[in-house]
Each structure stands twice: as C-alpha cells, then as structure tokens.
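The values are calculated or read from the model by the stated rules, or taken from the named source; none is laboratory data. Remember, it's a predicted structure, so these values are computed and weren't measured experimentally. Reconstructed Cβ throughout: ideal geometry from the backbone, glycine too, with neighbour counts over all protein chains shown.
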Amino acid sequence: MPPSPTVTTESPSSRKRWESRGRSALLVLASFAGGLGLLFLVLEQRPGGGWRALDITVGALASLALLLRRRAPVAVGLTLAVLAAFCATAGIANYVALFAVARTRRIELAFAVAFADVVGALGFWLIYPANSELSLTVVVNTAIALAVVAWGALQQKQQDLVAVYRDRAARIERERELRAEQIQLAERARIARDMHDSVAHYMSLIALYAGGLEVAGADGKDVGPTATTIRTTATKALDELRTVIGVLRDGTLAVPQQTRHERTVQGLVDEARQAGQLVVAHLDDEALRAANPATEEAYRLVQEGLTNARKHAAGSLVTVRVRRDGPNLLVTVTNPVDRSAPALPGSGAGLVGLAERLTALGGAVEHEIIGHGDGGAAEFRMHGRVPYR
C-alpha cells in the first residue's frame, strides 16, 4: 500500500512573510519598469551608448535598494536622490523611497529627503537640459515630492489611528472580560450564600425532627412518618450541597429555581409548624402575593429567622410579622432566647449575607437581643426593611 501523502500546513506568520516578500518583489519590478519607461518613452534627451547601459544598470540597483526601505528608509532615500541626479532609470525608485520615509519617519526627515530629490532633479537638468525648462523642472519635481510626502504622512497617521483603535479595542475587551469575571464571581458568591441559607434551613429542620423522633420513640409512638420526613428533608439538603459543590468546582451558575408558589413565606411557616416548631405568623398576604422582588427577600429573611430560632432557641415560640409600610416591606422575627441553653453551631454567615444583599438593594437588616430576664432569658429580634418597588 503506497504511503499516504504528507499534508503540510503553513502558519499565518509564514504566509504573511511570503506575501510581504511577494509585494516587495513586485515593487522592485514595477519601479524598474517605470524607470525604463521614463528613459525610453518620456525623455527627449537621453544618454546613449555606454552611458545608457550604465543608466539602466544603476537604475536596476536603485530598484533593488528598495528592499532595504523598511530597515533604513532615510539612507535609501538620500542615496537614490543622489543616483537620480544623473540616472533617469532611478527616477521612479527615488520617489518610492521618499514615500517610505514619509510613511515611517518624522515629517522633518521626509521634507529633507524631498529637498534632496528636488536638488537631484536640478542636477539631472544640468546634464540633460533639452528635456524641459528649468522652471518647469523645479515646479514639477517639487509638486511630485510634496504629494509623495503628503501621501506617506497620511498613511502614517492612518496607521497610528489604527494602532490606537486596536489598543483601545483590546483594552475594552480586557475590561469587558474582567467585568464578566467579576459578575460571575459575584453571582457564584450569591448562589453560595443562597445555598448556605437553604442548607442551614434544612439541617435545622432535621435537628428539630430528630428531637421529635427521639420523644416519639420514648413514648412508643409510630415514628415512621417522622423518619420519612427526615429522609425527605435530608435529601433536599444534599441536593443543595451538590449544587454548591458544582458552583465552586466548575463555576456553573445555572441553579434550579423553585417556583414562586413553593418559595412563599406561608410555605416556610407551614413547613416549620409541621416539624414541630411553634410559630405565630402575621402576614400581609396581599403584599406577599404581588409579583415583586421584595417578596423573595422577605422569604429569605423569614427563612433565616426561623433557622436561627431552631438553632438557638429550640422549642421557643417564634413570632413572624410581615407587612407593607409605604415603599418598604417590613419583616420582623422574634423569639425568646435562653442564654443558658445549648445552641446548634452556626457560622453567622446567614445574617452577614442577608445584610450584604439588602444593603445592595437599598434596604437593611438589624438584629439584637433585648432584655435580660431571670434565668438568663431574653428576646432575640431580627428586623429587615426591603424596598417594595
């Protein structure tokens, strides 16, 4: 079986290099051809015999010198200005070199080379005066030199503008990427806070159910329904934990959202009561039913309040109040606190996260322990204000 042909791919940089070389070769040929046309078709008085051969040879060398126009444009321009003073075939290459100076160097250097070109044209007129009058020679060559300088300077300005626009576009793109990254990090932090609140909520429910299970078992009651509820709640907590791990591991921001019907303050209260928590709720049903972002924040405030009560005041009566007060939705959760009673461990991140969220929305949350009753009893009060837009 014959070997398969080897396929070679050319890199973009190599392709650009060959394209640049091709353009340079065409420029050399075009300038030399233009110089020959100037010698044989334009000039009435031209060198003859051996001088003509010398003129053509020097013109060919002048055209080849254009290959160095990018490395040393001023040196090439001045050299060709001298050669054009006695060599007609170098006349086109001379102005190509002037264009290279104007396109890549300061305008002062371009005018200096242009002046050398005009002086060289006067030198050529002294050798072959029959081609035109002196005044016409000066005017025509000066006009050509100025036009070439203007064209090259314009090209340089355009290149500078393109470079500025590219730098600006690159900077804008970097800033956009940075903003996108910051937004993503902020969103990941928000999701982590939300999941923290949800997991803490479910775990505190599990603790409450477990306490009820312990009591029911001691009394000889059927613990099957309570065990089923514990399993369901634990499954929900594990789902939330998986979501958090996914967010922190690969940055996935798509978090399954509960429906509005499921994420209601009344649903939280009912769930807590089902777990055995004593809750008295005074809810503004009309305000909570409205499609308003404030209701979501009210949900989080009540969730955090109920969770804290289960952690730090298990078995105590929790009072939840949600009402609208003008442009704000006010949420208050209170419960007695026994300082001598043990509490479930907590990081305190829930209240901190709530404060950050509400501050960003123009709201606020405050919490304090009021009173110092007998036996270390006191009341914990959390009050939140959410803008109702």
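The listed residues are A88, A102, and the only one of them that is surrounded by 15 or more Cβ atoms within 10 Å (Cβ to Cβ) and under 25 Å from Q159 (Cα atoms) turns out to be A102.
When the residues of the range 356-377 are filtered to those that are modelled with pLDDT under 85 and crowded, with 16+ Cβ neighbours inside 10 Å, the one that is farthest from G326 (Cα to Cα) is A377. Scanning the range 121-141 for residues that are outside the structural domain of L98 (by TED's automatic domain parsing) and under 16 Å from G77 (Cβ atoms) yields one hit, N141.
Here G315 passes the criteria (1) of a type outside the set (A, V, I, L, M, F, W, C); (2) at pLDDT 85 or above; (3) part of a loop (DSSP other than H, G, I, E, B) except the one numbered (2).
Exactly one residue out of E133, E181 is more than 22 Å from A60 (Cα to Cα), more than 54 Å from the chain's Cα centre (by Cα) and surrounded by fewer than 14 Cβ atoms within 10 Å (Cβ to Cβ): that is E133.
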